Structures are given as C-alpha cells and as structure tokens.
Amino acid sequence: MATNATHSGGYVDLDVHNMFGLMEEKATNLAIQSILPGKRPFLISRSTFPSAGKWTGHWLGDNYSKWQYMHLNIQGVLQFQIYQIPMVGADTCGFYNNTDEELCNRWMQLSAFVPFYRNHNAIGALSQEPYRWASVANASRIAIAVRYALLPYWYTLFANASMAGFPPVKALFYEFPDEPELFAVDRQWLVGSDILVTPVLTPGATTVEGIFPGRGSVVWRDWYTHAVVNATSGGNTTLDAPISHINVHIRDNSALLLHQEPAYTIYQTREGPYSLLVSLDAAGTAFGTAYVDDGISFPPGPSRSLTFQAAEGILNIESKGEYVILQKLETITVLGVQKPTQVKFQGSSAEGWIFKEATEELVVSNVSVDLNGQVTLAWR
C-alpha cells in the first residue's frame, strides 16, 4: 500500500491502519459482555494498537517453522509486556512450512512458559499436533504439567498486571537492572520474579548455556529436583538439556502457591488441592503472594489475597478477602532448611513430615488446611 494512502477525513493509513483491529477488539469484547453478562471475555487478536490490552490478548502472527522463529518468539513475548498486552504467544511449532519432530519438541516446551499457548499451522502444512510424535507428546505432557501446577502463580501475575501494570513475563535485566551483562539476554526470561526459563533454541543440542542473575547473591534451584545450581557468577553456566527437557529454575526468597495435582483440564485442576513451594534465601527468609477468585466474574467479584512470609524458622500465611477458597492446602515444601529436630503445624507437632538432606528440603504432607484463615508452620 502506498505510504501516503489516506482515508476519508484526512487520516493517513500509515498512522491508523491497526486502529481497525483495535475497534474490532473493543466491539467484540463489549458484545461478549452483553451476550454473557457477568462473565469475563477472552479474546485473541493478531492486529493490535495502543490500549488493545484492555480488550484482547495477542498472538504474534504468521511465523515460520524454523529455529530462528522460536528465538524470535521470546523477543515478541517480551516486547508485548512493554506494550501492556501481556496475554501473548506465538504459533507453536511454526505456522508456515513444515515443522519437524525436534523443533516441535523444543517449541512445545518453550510455549508452556509463556502466557498464550497454541500449536497452530497453515492449511497444507505437515500436521503438527503433539501426538504425531511420541517424543513431542512426552515433552508436552511434562511441560504442560508444570504449566498447570503454576497456574495459581500465573493467575496472580495477571491480577497484578491488571491492577498495577506489572508485566507477568520479564526480561532478565528488568528484574536485575544493575547487571549490564543481562541487557542483551533474549534467550531466557523470567515468569514473574521467581521462575527462570532457559530453553534449547538450536537443533541437535543436548546442553544449553544460560546465565543466572544475581552474580552469586541469589540461590537458584532446579524446578524438578530442587537441587541448588552451581552457577557461574556473571557468566554463562552449561546445563544438561536432553530432548524433552526444558530447564526451569526457582529463585530464592520466593513462595509459590501451586496446584498439587495437574489434571486434564484447567477446571479439573482448579478443583484439586493446593501445595506451597517455599525457597529460602541465605538469611532463611522468603516472601510471596497469591490472588484467588472464581476465574469467571467480570468485573472481578469477591477475591482473596494470600501472603506467605518465612523468617527464623517460621512460615506464616495470612489470608484476606471475601472470596471463600474451597480447596485445601495439602502439602508445604520448604527449600534451604537445615535438618530440623521438631516441626510444628498450627501450634502442634506435625505428623508426616520428611527431610531430604541432599536438597535441604522439608516436606510436610497431608496438612489439609483451610486457606481462608491464618496458617503457621515452624521448624527448628
């Protein structure tokens, strides 16, 4: 189209082209509200314009089934956090051309850790549903199980995005602005402040290079094993990354509310119990929050805010709000603990706790506690 193409009224198309998409998004959102009153609309659009995040999420458009575009996927997600359109993701495994097993394997893992997750391709391209390859199906199950476990954390991040504008996904330098070596990092990202993702972006790789922010002042633990990473301060660390494995790490001084039993659907997962994962820093402290509501009401109805705070061998959970959480907290895991001689829960000796010395891990199971009141765990 000519750069001087002009609409009626003197509007240059170069300036207003994507406003058509914005007006579609707003009209559709308002229409859904009128058709389904009291329920939250959920839209995904390709076209966006400033303020589109109020009305819609976004997919990154027609990409290619190439390793380069998986890398560009990360850049696009990080950019749209800045644009205040946080619900964003790419066509996983690529849209144009034919994907292959290894590329789709790695991409299905990567996309499980960005807000919008969709496998989608062009008519006439090779079918790329995860079940087409056993290894891709396996990789997808593993990554989606982590995604579903993290849904309460994701939900809290999006509540914070809605109410305060904080981006759910962050470039590393955003969280660690005093470390210039992080400014150019676009092959890793943070989910919130506490989850670091390091995907494989090259074919044939069985290891991946990743930097761990904090220059040695932050303890990073492996999501799957809870083992402490022996990270290089201010430089890259080589991580094992066999096929179907994506590296995910937990930051210290964090407390994450999780779904304990990822199920077949999000609804079924939400109906199950919660667990709490606490990772202490070197001073023995941790902090985290969670926002919980019914997930449906619009505008948001009653909600409950949980605050998790650990210090000096005591974990306190404070609960405020009108929303009643029906699901129980079943398991509390605390990382970075010295072997305790006594564990108390709600003031009484806890039963069923175990300690894993190799990972400094205290696990208190079967607590089955209500999250609508105060909860206390103590160890010494």
Thr238 passes all but one of the listed conditions (1) surrounded by fewer than 16 Cβ atoms within 10 Å (Cβ to Cβ); (2) touching a Gly at 6+ places or on another chain (Cβ under 6 Å); the exception is number (2)
Assuming Glu361 fulfils every condition listed in (1) touching a Ser or Thr at 6+ places or on another chain (Cβ under 6 Å); (2) closer than 21 Å to Glu261 by Cβ apart from one, which condition is it?
(1)
Any residue in region 143-171 that is on the phi > 0 side of the Ramachandran plot sitting within a Cβ distance under 8 Å of a residue that is modelled with pLDDT of 95 or more? List the pairs, counting only those 6 or more apart or interchain.
Gly165/Gln84
Of all the residues that make up region 311-329, how many are surrounded by 13 or more Cβ atoms within 10 Å (Cβ to Cβ), in contact (Cβ under 8 Å) with a residue 40 or more places away in the chain and part of a loop (DSSP other than H, G, I, E, B)?
4
Answer yes if at least one residue in region 40-51 is closer than 30 Å to Thr198 by Cα, assigned to a helix (DSSP H, G or I), outside the structural domain of Ile296 (by TED's automatic domain parsing) and among the aromatic types (Phe, Trp, Tyr), and no otherwise.
no
How many of the residues making up region 229-271 are in contact with a helix residue (DSSP H, G or I) (Cβ under 8 Å, 6 or more places away or on another chain) and farther than 15 Å from Ala149 by Cβ?
5
Suppose we filter region 209-265 for residues that are outside any loop (DSSP other than H, G, I, E, B), farther than 21 Å from Leu172 by Cα and of a type in the set (A, V, I, L, M, F, W, C); how many remain?
2
Got a number for residues in region 330-354 being within 25 Å of Trp220 (Cβ to Cβ), surrounded by 13 or more Cβ atoms within 10 Å (Cβ to Cβ) and either under 28 Å from the mean Cα position of the chain (by Cα) or basic (Lys, Arg) (or both)?
7
Can Ala286 be described as more than 23 Å from the chain's Cα centre (by Cα) and at negative phi?
no
Tyr153 of a type outside the set (A, V, I, L, M), under 26 Å from Gly272 (Cα atoms) and touching a strand residue (DSSP E or B) at 6+ places or on another chain (Cβ under 6 Å)
yes
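The values are calculated or read from the model by the stated rules, or taken from the named source; none is laboratory data. Just so you know, these numbers come straight off a predicted model, no measurement behind them. Glycine gets a Cβ as well: all are built from the backbone with ideal geometry, and neighbour counts include every protein chain shown.
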